[in-house]
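Engineer: Before anything else, here's the structure in question.
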Amino acid sequence: MAVLPLTDPKFWVAVSFFVFLVIAWKPLILRIVRLLDARAERIRAEIAEAGRLRAEAEGLLRDAKAKHETARAEAEALLAHAREEAERVAKELAEATAAAMARREKMALDRIAAAEAEAAASVRAKAADLAIAATKRLVAEHLTPHGHATLISRAIEELPQKLH
């Protein structure tokens, strides 16, 4: 004999479970759908925020690259200016050194010329002193009173010719 399923408690548990599922299914599904929709919305918001942050980061990167290029160009310009200035200063220094060397050389040549002139004057003075001393000695030793008188008269005769 077959047992009617209507009297079996397992049957009623299964039926009540399916009825429960049918009754609870709609709110449970709605709640799951709402949770999934909320999560999807959060993910969309995070994706949008990430996109906004990425766009902002790309903008900052472009700005940083532009600033880097500007700074590099300024640095190159400063370096070129510094090189030009260094060349100009080196040229001025070389010119100043050459001028100073020329002045010192001229001063040394002037000192040498002055020393030569002083030495020549000293030699002339010494030679004149020696000639006078030798003449005095020779005159004193060899000149007689008669030779003395002859020299004086000859000098007096030559005087008018030497004055004109």
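None of the figures in this text is laboratory data; all of them are computed from the coordinates on show. Here the structure is a predicted model, which is why all the values come from computation and not from measurement. Reconstructed Cβ throughout: ideal geometry from the backbone, glycine too, with neighbour counts over all protein chains shown.
Engineer: Given the criteria over 30 Å from HIS148 (Cβ atoms), in a helix (DSSP H, G or I) and not charged (D, E, K, R), does ALA134 qualify? Please lay out each step first, then the result.
Structural biologist: Values: over 30 Å from HIS148 (Cβ atoms): no; in a helix (DSSP H, G or I): yes; not charged (D, E, K, R): yes.
Taking the combined requirement at face value, the residue does not satisfy it.
Engineer: Additional query: Within the group PHE18, PHE11, which residue is of a type outside the set (Gly, Ala, Ser), in a helix (DSSP H, G or I) and in contact with a helix residue (DSSP H, G or I) (Cβ under 9 Å, 6 or more places away or on another chain)?
Structural biologist: On the way: PHE18 fails: in contact with a helix residue (DSSP H, G or I) (Cβ under 9 Å, 6 or more places away or on another chain).
The unique qualifying residue is PHE11.
Engineer: Would you mind stating whether GLU157 is without any contact (Cβ under 8 Å) to a residue 60 or more places away in the chain, in a helix (DSSP H, G or I) and either loosely packed, with under 10 Cβ neighbours inside 10 Å or in contact with a strand residue (DSSP E or B) (Cβ under 6 Å, 6 or more places away or on another chain) (or both)? If you could, list the steps in order and put the result at the bottom.
Structural biologist: Values: without any contact (Cβ under 8 Å) to a residue 60 or more places away in the chain: yes; in a helix (DSSP H, G or I): yes; either loosely packed, with under 10 Cβ neighbours inside 10 Å or in contact with a strand residue (DSSP E or B) (Cβ under 6 Å, 6 or more places away or on another chain) (or both): yes.
Here the answer is yes, as GLU157 does meet what is asked.
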